[in-house]
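Working notes, beginning with the structure itself.
Every number here is computed from the coordinates shown, using simple stated rules; none is lab data. Keep in mind that what you see is a predicted model, and the values were worked out from it rather than measured. Virtual Cβ from ideal backbone geometry, glycine too; neighbours counted across all protein chains shown.
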Amino acid sequence: MNEPWRISLLGGLRVEGNQTTITRFSTQKTAGLLAYLAYFLRSMSAREVLIDMLWPDATPEAGRHNLSVALSTLRNQLEPLGVTTGGVIRADRYSIGLNPAAVTTDVAEFEAALLS
């Protein structure tokens, strides 16, 4: 991927880049996961925190499965063929985040403008 994905959070979730615009996600929870990771772009989020936030009533096993499915869906959308796995979504056994080198957000741009 040559250019970073631009994720718009203000006014509705929208992802643009790679000659593609994404406004629909498989579930609202998947969209919520992406929005949360984009808002906290500079940090990794603990898997358990994400599970508790998005699937509070799920058993631990079901929550882990739901998170895995949501991540897989996002990877299919943001890391298509030709993009290195992990190039956009960083994940390990304990935490998940977006690669700040591969993503920009309107919120970060707005905050930067306020500081200048």
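A few comments on the model shown:
- Shape of segment 1-45, Cα gyration tensor, a/c cut at 1.5: oblate
- Considering only SER43, THR73, GLY17, the residue lying farthest towards the positive end of the dipole of the chain is THR73, judged by Cα position with unit charges set on Cβ.
- Relative contact order for segment 5-115, counting Cα pairs under 8 Å that sit 6 or more residues apart, in percent: 34 percent
- GNM on the chain, alpha-carbon springs under 10 angstrom: the most fluctuating residue among SER26, SER72, SER95 is SER26.
- Across q = 0.19 Å⁻¹, segment 5-115 modelled as identical point scatterers on its alpha-carbon atoms has Debye log10 I(q)/I(0) values of -1.00, in the order of the q list.
- Gaussian network model of the chain, springs between alpha carbon atoms under 10 Å - residue of VAL15, VAL69, VAL88 with greatest fluctuation: VAL69
- Counting beta carbons within 10 Å around each of THR23, THR104 and listing the fewest first gives the order THR23, THR104.
- Dipole magnitude of segment 5-115 about its Cα centre (Cβ charges: Lys, Arg +1; Asp, Glu -1), debye to nearest 20: 200 debye
- Placing a label point 7 Å from the Cα of ASN99 along the Cα-to-Cβ direction, the residues of segment 38-53 with a backbone N closer than 17 Å are 38, 41-45.
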